[in-house]
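A.B. asks: Handing you a structure now.
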Amino acid sequence: MNVREIPPVKPYFPKEDIDLIQDEVKKILQSGRLTLGDYTKRFEVEFAKLCEVPWALTVSSGTSALEIALRVIGLNNGEEVLVPTNTFTSTAAAVMFAGGKPMFTDVSARSLCVDAENVQRCLTAKTKGVMVVHVGGLVCPEIKAIKEICEDHNLFLIEDAAHAHGSTIDEQPAGSIGDLGCFSFYPTKVMTTGEGGMITTKKEEFAKKAGVLRDQGKESFSSNAIIELGYNWRMSEISAAIGLTQLKRLQGFIKHRNEIADYYDEKLSKMSGVEPLETPSNIMNSYYKYVMFLSPEIQRDNFKQKLRERGVRCGGEVYWPPLHMQPVYQRLLKVKEGDFPVAEDVCKRMVCLPMYSQMTLSEAEYVVEQIKAVLSEF
């Protein structure tokens, strides 16, 4: 067998973009303004247009975006925030760092996202807000129903949109639905700045406070007056320049990823033993991850190992194990295995196939061929 090497993910910088970034870095270094300058401002303006919101603020990471958003909201000690157990640690940890208590919910087996039924079930007198997570680029399908619940109970709604740059539901962009949206530009994401994040909001007071918190709590960049307890959560000008270049490519990235996803859907839907995660027709999925599920009788680690032997490396799951099975949260929140059975079932059967913005149809065909071959061994 002629083995090809298919990576799980690959950042994409065509030569013309590399040349442009090099020119921009030279200008930045010559200017002497290396943070919170013109490139940062331009990146914020253009990202706000993408999300159809008035304000976007660059920050140092998706994790800092989440904590800043929660600090902007203002949590009192012990106030609870509903967080799906199927997410990265940053979502829950940010709640704790901001002074609140994450309360895990189960998720929908169809979407891997929290649904309205689980939100309603988990509300208590201490609930202050809800964090929804757009998993793998799929906007939480029930976010509008969840928003109505939040409005009825005077709760805040934050979108963890770390995976969802350019994703939409009913043509409404991720990051424009909740009180604040939080994005990550980590190297594996659909678009990257190397490291970095973005906060989006429609509320001017939230944008102003977020801007203060990301810059050590200073009243303004040129001021020495400290009016909040903040951190150094700034994005560099060089990162912003990279982000501007990637943002121009974003719609092309998403279009191509959807073409690869459509091919995967078509081929995998005809195979026994696997089932693709379905994207509802009203959602534009950015396909940060392409998720499929294995039948219960197929052991995932064995399946992935057989694919690796054939050159196909799958991406990390979104997520395994779910947070209520992670040692730190079991210790701090007294949660345990068995508490959220839907998440446990679907997350242990999940596989994320190779997906990147320059992936060729030939590479996708090779992945599908190897999946078919491996399935024949079970």
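Here is a yes/no grid of residues against (1) touching a helix residue (DSSP H, G or I) at 6+ places or on another chain (Cβ under 7 Å); (2) crowded, with 17+ Cβ neighbours inside 10 Å:
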position: Phe253; (1), (2): no, yes
position: Ser269; (1), (2): no, no
position: Ser272; (1), (2): no, no
position: Glu278; (1), (2): no, no
position: Tyr288; (1), (2): yes, yes
position: Met292; (1), (2): yes, yes
position: Ser295; (1), (2): no, no
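A.B. asks: If I ask for residues that are part of a strand (DSSP E or B) and either at pLDDT below 95 or buried (at least 22 other Cβ atoms within 10 Å of the Cβ) (or both), which ones from the range 351-367 would you list?
C.D. replies: The one that is part of a strand (DSSP E or B) and either at pLDDT below 95 or buried (at least 22 other Cβ atoms within 10 Å of the Cβ) (or both): Leu353.
A.B. asks: If you check every pair at least six apart or on different chains, which have Cβ atoms under 6 Å apart with a residue in the range 139-158 that is of a type in the set (Phe, Trp, Tyr) first and a residue that is surrounded by fewer than 23 Cβ atoms within 10 Å (Cβ to Cβ) second?
C.D. replies: Every condition considered, the pairs that remain are Phe156/Ile73; Phe156/Asp179.
A.B. asks: Inside the range 80-109, can you point out the residues that are in contact (Cβ under 8 Å) with a residue 60 or more places away in the chain, hydrophobic (A, V, I, L, M, F, W, C) and within 21 Å of Gly316 (Cβ to Cβ)?
C.D. replies: Val83, Phe88, Ala92, Phe104, Val107, Ala109
A.B. asks: Only one of these conditions is not met by Phe47: (1) over 17 Å from Asp179 (Cβ atoms); (2) open to solvent by 10 Å² or more (accessible area, probe 1.4 Å); (3) assigned to a helix (DSSP H, G or I). Which number is it?
C.D. replies: (2)
A.B. asks: So the check is Cβ under 8 Å with 6+ separation or different chains; which pairs have a first residue in the range 175-190 that's more than 16 Å from Ile73 (Cβ to Cβ) and a second one that's acidic (Asp, Glu) and in a loop (DSSP other than H, G, I, E, B)?
C.D. replies: Ser176/Glu52; Phe185/Glu195; Tyr186/Glu195; Pro187/Glu195
A.B. asks: Now for a separate question. Taking the stated definitions as given, is Gly243 within 24 Å of the chain's Cα centre (by Cα) and crowded, with 18+ Cβ neighbours inside 10 Å?
C.D. replies: Yes; evaluated as a whole, the condition is true for this residue.
A.B. asks: Could you tell me whether any residue of the range 346-369 is in contact with a helix residue (DSSP H, G or I) (Cβ under 6 Å, 6 or more places away or on another chain) and either free of Cβ contacts under 8 Å to residues at least 12 places away in the same chain or of a type in the set (Gly, Ala, Ser) (or both)?
C.D. replies: yes
A.B. asks: Another question, if that's okay. Of all residues in the range 209-236, count the ones that are open to solvent by 80 Å² or more (accessible area, probe 1.4 Å) and either among the hydroxyl-bearing types (Ser, Thr, Tyr) or in contact (Cβ under 8 Å) with a residue 40 or more places away in the chain (or both).
C.D. replies: Residues flagged as open to solvent by 80 Å² or more (accessible area, probe 1.4 Å) and either among the hydroxyl-bearing types (Ser, Thr, Tyr) or in contact (Cβ under 8 Å) with a residue 40 or more places away in the chain (or both) within the range 209-236 amount to 4.
A.B. asks: For the range 160-191, what are the residues that are in contact with a Cys (Cβ under 7 Å, 6 or more places away or on another chain) and on the phi > 0 side of the Ramachandran plot?
C.D. replies: Gly175
A.B. asks: Another question, then. Filter the range 145-182 down to the residues that are surrounded by fewer than 24 Cβ atoms within 10 Å (Cβ to Cβ) and among the polar types (S, T, N, Q) and list them by number.
C.D. replies: Scanning the range 145-182 gives Asn154, Thr168, Gln172, Ser176.
To keep it simple, each residue is scored yes or no on (1) within 22 Å of Leu20 (Cα to Cα); (2) touching a Pro at 6+ places or on another chain (Cβ under 9 Å).
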residue: Leu244; (1), (2): yes, no
residue: Phe253; (1), (2): yes, no
residue: Asp262; (1), (2): no, no
residue: Met292; (1), (2): no, yes
residue: Asp301; (1), (2): no, no
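A.B. asks: Filter the range 1-19 for residues that are aliphatic (A, V, I, L, M) and within 27 Å of the chain's Cα centre (by Cα) and give the result.
C.D. replies: Ile6, Val9, Ile18
A.B. asks: State which residue is nearest to Gly316 (Cα to Cα) when the search covers only the range 1-37 and only residues that are in a loop (DSSP other than H, G, I, E, B), among the aliphatic types (A, V, I, L, M) and open to solvent by less than 70 Å² (accessible area, probe 1.4 Å).
C.D. replies: Out of the qualifying residues, it is Val9.
A.B. asks: Quick check on the range 314-344: of everything there that is open to solvent by 60 Å² or more (accessible area, probe 1.4 Å) and outside any loop (DSSP other than H, G, I, E, B), which residue is nearest to Gln370 (Cα to Cα)?
C.D. replies: Among them, the one singled out is Pro341.
The values are calculated or read from the model by the stated rules, or taken from the named source; none is laboratory data. These numbers were taken from a predicted model, which means no experiment stands behind them. All Cβ positions, even for glycine, are placed from backbone atoms using ideal geometry, and neighbour counts span all protein chains on display. When the accessible area is computed, the model is the full protein with side chains, heavy atoms only, and any ligands, DNA or RNA have been set aside. Shrake-Rupley method; radii C 1.70, N 1.55, O 1.52, S 1.80 Å.
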